[in-house]
1. Checking the table Lys93/Lys119; Lys15/Lys224; Lys12/Lys162 against a 20 Å threshold on Cα-Cα, which pairs fail?
2. Compare Pro204, Pro225, Pro83 in a GNM of the chain, Cα atoms joined below 10 Å, and give the one with the largest fluctuation.
3. Among residues other than Cys180 whose Cβ falls under 11 Å from its Cβ, what is the net charge (Lys/Arg +1, Asp/Glu -1)?
4. Order 241-247, 74-80 from most to least packed using the mean count of other Cβ atoms within 10 Å.
5. Taking the chain as a Gaussian network, Cα atoms linked when under 10 Å apart, which of Leu137, Leu39, Leu91 shows the biggest mean-square fluctuation?
6. With the other protein chains left in place, how much accessible area per residue, in square angstrom, belongs to segment 169-235 at a 1.4 angstrom probe?
7. Report, in deg cm²/dmol and to the nearest 500, the calculated mean residue ellipticity at 222 nm for the chain, where each DSSP H run with n ≥ 4 adds -39500 (n - 2.57) and the sum is divided by the residue count.
8. Which one of Ile176, Ala202, Leu161 has its Cα pushed farthest toward the positive end of the charge dipole of the chain, where Lys and Arg give +1 and Asp and Glu give -1 at the Cβ?
Amino acid sequence: MNVLDFYTKKQKGDKISMITCYDYTSARLLAETPVDCLLVGDSVAMTMHGYKDTLSATLEMMCFHTSAVSRGAGNKFIVGDMPFLSYRKSLSKNVTAAQVLMQAGAHAVKLECAAGNAKLVRHLTESGIPVMGHLGLTPQSVYALGGYKVQGKTQESAARLKEDALILQEAGCFAIVLECVPAPLAKTVTQQLSVPTIGIGAGPDTDGQVLVFQDLLGLNQDFKPKFVKAFVNGYEQLKQGIETYISAVKSGEFPQHEHCFEN
Ligand code: KIV
């Protein structure tokens, strides 16, 4: 998969699958699957570091995780999230932020919202950096949005979202994430764009879907929003494996002869 395949997939109606990935071991696992794209999302601050929101993700954190993912991801296409405010400074600082993320191993960067970002998106794409947009519920603005809420529910906000999607496409984004928007609105936005949309909580009619690794594996016990589907009960299965190991240690069943070194 490369950046051009995103367009081709949309044209062919071939759905794009994206999964977040934050570390080397998970990247190795995902590299063995047919997933189209890995996202080193700023959700890393929550899933891997235990912060309550994504505002705590720093550029250093994003580069650290992007670099680990890139060492395990084989030839998977990697998108790196530009963290909170890292792209809202001077053009020169914004470009440097994108540069270090790309040099850490990303093949594209993702940034949230359209307002005030079109010039940067154009500059980055003209500089050879593919940019993925992100509209709808943009978690870096959670305090401005008044919480984690479905976006685009009023006529006015739906019209703004459609306009923002066109602004990002026009600026050069190769794909746009639509997070937590009503399914009919996501369908309309998807139909009006030539670049693909990748939905999360945006219904079935986007050009692709993205889920957080821990959510799709059922590892997250405390956070289960409506749009998440756990495809395996990973929490229980891993817990069971760990408990089996502990009992084997206690009973002396582990280690056995084949696990030991002879003289
Ligand atoms: O950081 C992230 O996980 C994301 C996805 C929700 C799209 O941006």
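1. Lys15/Lys224; Lys12/Lys162, as the Cα separations exceed 20 Å there.
2. Pro225
3. Values: positive: Lys149, Lys153, Lys226; negative: Glu179.
That works out to +2.
4. Put in order of decreasing packing, that is 74-80, 241-247.
5. For the chain, modelled as a Gaussian network with Cα springs under 10 Å, the answer is Leu91.
6. Ligands and nucleic acids excluded, the figure is 43 Å² per residue.
7. Taken over the chain, the calculation gives -12500 deg cm²/dmol.
8. Leu161
The values are calculated or read from the model by the stated rules, or taken from the named source; none is laboratory data. Since the structure is predicted, the reported quantities are computational estimates derived from the model, not experimental observations. For neighbour counting, all protein chains shown are included, and Cβ atoms are generated from backbone atoms with ideal geometry for every residue, glycine included. Each accessible area value is taken on the protein alone, full model and side chains, heavy atoms only, with ligands, DNA and RNA left out. Shrake-Rupley method; radii C 1.70, N 1.55, O 1.52, S 1.80 Å.
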